[in-house]
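Heads up: the structure comes next, in structure tokens.
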Amino acid sequence: MLEFQKKTVHFKDPERVEEIICGLIKGGAAKLQIITDFDMTLSRFSNNGKRCPTCHNIIDNSKMVTEECRKKLLQLKDTYYPIEIDPNLTIEEKFPFIVEWYFKSHTLLIEQRLQKDKLPQSVKESDACLREGYEHFFDKLQEHNVPMFIFSAGLGDVLEEIIRQAGVYHPNVKVVSNFMEFDEHGVLKGFKGELIHVYNKHDGALKNTEYFKQLKDNCNIILLGDSLGDLNMADGVPNVENILKIGFLNDKVEELLEKYLDSYDIVLVKDETLEVPNSILQKIL
């Protein structure tokens, strides 16, 4: 495949990749489902050298929060993001820090009494940016009725607003994420359900077994992620025939490439497009 010759594309075992893709092609649209992360996977990591915001960052940078709160949120990011991407720490070691980060930042957001009706404007004014080729990706899956499960440790309300404004929130898309809970006046009072963070997606996947059971014939999976924690997103799928794991490696490339190559079938290094997933879909659908 021509797209595989791009210098951003890396894999450890090309024959294995070919074998999986052949299995996906054989199964066609009827057997396929997509399980994907959102922040820095469907959305860009950077655009023209400038970092793009995650769902959380969109709120952090918006007029919805005070300057003082913004500073505190930024301090939290400066403290915890280096831990999240530290190649020398295990997932188990990172786990408590990540939970702490989410808890502290969500508490700050609740204290800000965010208003639900201001969300669309905040997303509109933000630098939210989906990867190049996203329209084709979402539209093609919808056209062929391929279920798409977006499993995000971000903010579900913001995520849904981004894809709604981009015109790609199609009926085949299901979003599982951290959703805000608003009171009768539309003011943020808490978060629904259990926290989903980058390193507990295994548990989250198992909680969604009902969804996956309904798709028992969709036993071929393309999984897209940007962290090693995303590899567990398909753990709730009862019967997997073929799974192709595509990983976007956006940061700390030299330190992490080896680990990503050991875990993902295809690793896309500093690639801000969906060219490779789109070219694979082209073959299957």
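The values are calculated or read from the model by the stated rules, or taken from the named source; none is laboratory data. Given the structure is predicted, the values throughout are model-derived calculations rather than measurements. Note: ideal-geometry Cβ built from the backbone for every residue, glycine included; neighbour counts use all protein chains shown. These accessible areas exclude ligands, DNA and RNA; they are computed on the full protein's heavy atoms, side chains included. Shrake-Rupley method; radii C 1.70, N 1.55, O 1.52, S 1.80 Å.
What the table shows:
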{"item": "Flag if Phe182 is at pLDDT 95 or above and crowded, with 22+ Cβ neighbours inside 10 Å", "result": "no"}
{"item": "Residue within segment 31-39 that is in contact with an Asp or Glu (Cβ under 7 Å, 6 or more places away or on another chain), touching a residue at least 12 places away in the same chain (Cβ under 8 Å) and either open to solvent by 60 Å² or more (accessible area, probe 1.4 Å) or of a type outside the set (Asp, Glu) (or both) present", "result": "yes"}
{"item": "Residue match in segment 249-263 (condition: within 21 Å of Cys129 (Cβ to Cβ), surrounded by 22 or more Cβ atoms within 10 Å (Cβ to Cβ), at pLDDT 95 or above and touching a Pro at 6+ places or on another chain (Cβ under 7 Å))", "result": "no"}
{"item": "Evaluation of Glu255 against (1) touching a residue at least 40 places away in the same chain (Cβ under 8 Å); (2) closer than 21 Å to Pro87 by Cβ; (3) outside any helix (DSSP H, G or I) (one fails), failing number", "result": "(3)"}
{"item": "From Lys124, Lys116, residue being in contact with a strand residue (DSSP E or B) (Cβ under 8 Å, 6 or more places away or on another chain), surrounded by fewer than 20 Cβ atoms within 10 Å (Cβ to Cβ), among the basic types (Lys, Arg) and touching a residue at least 40 places away in the same chain (Cβ under 8 Å)", "result": "Lys116"}
{"item": "Close pairs (8 angstrom Cβ cut-off, 6 or more residues apart or separate chains): under 11 Å from His197 (Cα atoms) and part of a helix (DSSP H, G or I) in segment 92-103, open to solvent by 40 Å² or more (accessible area, probe 1.4 Å) and not charged (D, E, K, R) anywhere", "result": "Val99/Leu195; Trp101/Thr79; Tyr102/Leu195; Phe103/Leu195"}
{"item": "Counted residues, segment 80-106 - those being open to solvent by 50 Å² or more (accessible area, probe 1.4 Å) and either among the basic types (Lys, Arg) or under 20 Å from Thr66 (Cα atoms) (or both)", "result": "2"}
{"item": "When residues of segment 205-244 are limited to those that are of a type in the set (Val, Ile, Thr) and crowded, with 22+ Cβ neighbours inside 10 Å, the one farthest from Phe45 (Cα to Cα)", "result": "Val237"}
